[in-house]
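Any read-out appearing in this document is the output of simple, stated calculations on the displayed coordinates, not a laboratory observation. If you're wondering where the values come from, they're calculated on a predicted model, not measured in any experiment. With ideal geometry, Cβ positions are generated from the backbone for all residues, glycine too; neighbour counts draw on all protein chains shown.
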Amino acid sequence: MATMTEKETIKTLTTHYIDGAFVESHGREVMDIINPTNGQLIARVTLADEEDARRAIAAAKRAFASFGRTTKEERAKILRRLHEVVSAHIDDLTAAMVEEYGGTIAFSRLLMEGASNVFLSAEKALQELPLTRSWGKTTVTLEPVGVAGLITPWNANSFFLSAKLASAVAAGCTTVIKPSELSPLQTRVWLECLQEAELPNGLCNVVAGRGDVVGAELVRSPDVAKISFTGSVAVGQTIMRDGAATMKRVTLELGGKSPNVLLDDADLDQAIPTALAIAFMNSGQACVAGTRLLVPRTRLDEVKRAILDAIRAFPAGDPADPKTAVGPMVSQKQYERVQSYIRKGIEEGAEVLVGGEGHPKGLEAGYFVKPTVFVNVKNEMTIAREEIFGPVLCIITYENDEDAIRIANDTTYGLHAYVSGTNVQRARRVASRLLAGRVAINGMLDDQQAPFGGFKYSGVGREFGTFGIEAFLEPRAILES
């Protein structure tokens, strides 16, 4: 039971952001928010219901009547203003992510800087994207689809709030956002940025509620033309199926089981620390994490020794400590999920090189998992097939480049991939044959102008750059006699 002192520190959130103002929730369900680092209650949030979602949709629909006709420069001005206000609150956004989600401070700050810069990236892409094309007596214009429903995940909530909003605004769409219900403190800080930006009323409406309540209302509403969702495959499939009734346009980013192909000429002093960083980024709770490390069979012993040397630089611990590389899982449920996969790996015959079951020593109060590396993993094992979403790396051996490509592509996912090697031309050849939306060579790389999305079960459509803006546009042709 909480003491009086604890009660005084517990935040209470009861409002949503609709039509340019904070309004009391019509929904009455209350959810406890737990700090994953210490297991303590830090907030209570009142969740939105279908009525809150309908009010937000109506506000967005009213706003679209005028915002859908804005010019490039008008939208660009809004994007620059959003960049300014988010930039001014990077420290606050970072602190909220560390407290509420358990993101390490270094990664959280990097992510929030990205959340700020994505607005300028969208502005640049908008200026480069021709919205009108003509030939002869035919004119084609790219028109905003209408009201867009944006649904964000708990592992990078504020970043995806910014990224999805940036593309929608650039296209001329108004929005209803359903942030993760596990991220109300992060969302509140972000909303304060939004209010400071003084956007047109109804341009951005935010209702925090459950996916099967608020998300479902967005998907079935005939007044929502587009859904952009980041999350699980199962929910993505539901959105595609249920959205078909109202011909929803959809962009779905649904996770991955990304391979990192370590070529036989790789410099292990560089490649192994990079491989661990790629696997354990965001405490392993990252859709782009390189969780399958493919290594030449002839170099396996070298790789094992290199991992045992490098793993000391990836300690689990207090996410507010700059030295911490791996923070807690977001919730007790996620902690138990990761533990179940570690047990499954052992049961199926994989060998634990480092880590394993249970909490790291001294971190029993939070939802911490030991950074774990498995060897002797077969690509058909459960831990090599399914997205664990925790700090668990599987090492799989291969015979030659063709074998590595075959194993890398032998997955239902296709979001991201990595290749490590000193011969860049050879690395490019291998990269060109990997079935993934993005492939990074020799590093954990990003480009906000490059398309982001996946092949196969990793999703439908692309985000970022001109590709992301086009996902919110429809071409209209006008022909003259």
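Going by C-beta contacts inside 10 Å, put ILE311, ILE151, ILE42 in order with the fewest on the left.
Numbers: ILE311 21, ILE151 25, ILE42 17.
Lowest count first: ILE42, ILE311, ILE151.
A straight Cα-to-Cα reach below 30 Å connects LYS344 with the lysines LYS257, LYS304, LYS333, LYS361, LYS370, LYS378, LYS456, residues fewer than 8 places away in its own chain not being considered. With both labels modelled 7 Å from their Cα along Cα-to-Cβ, the ASP403 to ARG426 distance reads 1.5 nm.
Going by neighbour counts of Cβ atoms within 10 Å, the residues ARG462, ARG299 line up, fewest first, as ARG299, ARG462.
A simple charge model with +1 on the Cβ of Lys and Arg, -1 on the Cβ of Asp and Glu and nothing else charged puts the dipole of the chain at about 1020 debye relative to its Cα centre. Coupling constants for segment 18-23 follow from the phi torsions by the Karplus curve (6.51 cos²θ - 1.76 cosθ + 1.60, θ = phi - 60°), and in residue order they are 10, 6, x, 8, 7, 10 Hz; glycine and proline get x.
If you place +1 on the Cβ of every Lys and Arg and -1 on the Cβ of every Asp and Glu, how big does the dipole about the Cα centre of segment 4-254 come out, in debye to the nearest 20? Show your work: numbers first, answer last.
Values: 27 positive and 30 negative charges, 225 e Å.
Once rounded to the nearest 20, the dipole reads 1080 debye.
Positive end of the dipole of the chain (Cβ unit charges, origin at the Cα centre): among THR94, ALA225, LEU434, the Cα lying farthest that way belongs to ALA225. The overall shape of segment 1-89 is oblate: from the C-alpha gyration tensor, with semi-axes ordered a ≥ b ≥ c, the ratio a/c is 1.5 or greater and a/b is no larger than b/c. Does segment 372-481 come out rounded, prolate or oblate, given a ≥ b ≥ c as the square roots of the eigenvalues of its C-alpha gyration tensor, rounded meaning a/c under 1.5 and, failing that, prolate meaning a/b above b/c? Prolate, because a/c is 1.5 or more and a/b exceeds b/c. Centroid-to-centroid, using Cα positions, segment 388-458 and segment 60-96 are 34 Å apart. The residues PHE464, PHE368, PHE455, when put in order of fewest to most other Cβ atoms within 10 Å, stand as PHE455, PHE464, PHE368. For segment 4-254, the tally of Lys pairs with Cα-Cα distances below 24 Å comes to 22, considering only residues 8 or more apart or on different chains. Relative contact order of segment 340-481: 15 percent, from C-alpha pairs under 8 Å at least 6 residues apart in sequence.
Counting only other residues whose beta carbon sits under 13 Å from that of ALA125, what net charge do I get with K and R as +1, D and E as -1?
Values: positive: LYS72, ARG75, LYS124, ARG462; negative: GLU123, GLU128, ASP447, GLU463, GLU470.
Combined, the nearby Lys, Arg, Asp and Glu give -1.
Helix-derived [θ] at 222 nm for the chain: sum -39500 (n - 2.57) over DSSP H runs of at least 4, divide by residue count, nearest 500? So the helix-based figure for the chain works out to -12000 deg cm²/dmol. Gap in Å between the Cα centre of segment 32-48 and the Cα centre of segment 285-331? Their Cα centres are 28 Å away from one another.
Rounded, prolate or oblate: pick one for the chain, where a ≥ b ≥ c are the square roots of the eigenvalues of its C-alpha gyration tensor, a/c under 1.5 means rounded, and failing that, prolate if a/b is larger than b/c, else oblate. Cα axes put the chain in the oblate bin. Given a Förster radius of 30 Å and the C-beta distance between GLN449 and ASN376 as r, what FRET efficiency does 1/(1 + (r/R0)^6) yield to the nearest 0.05? Efficiency computed from Cβ-Cβ geometry: 0.15.
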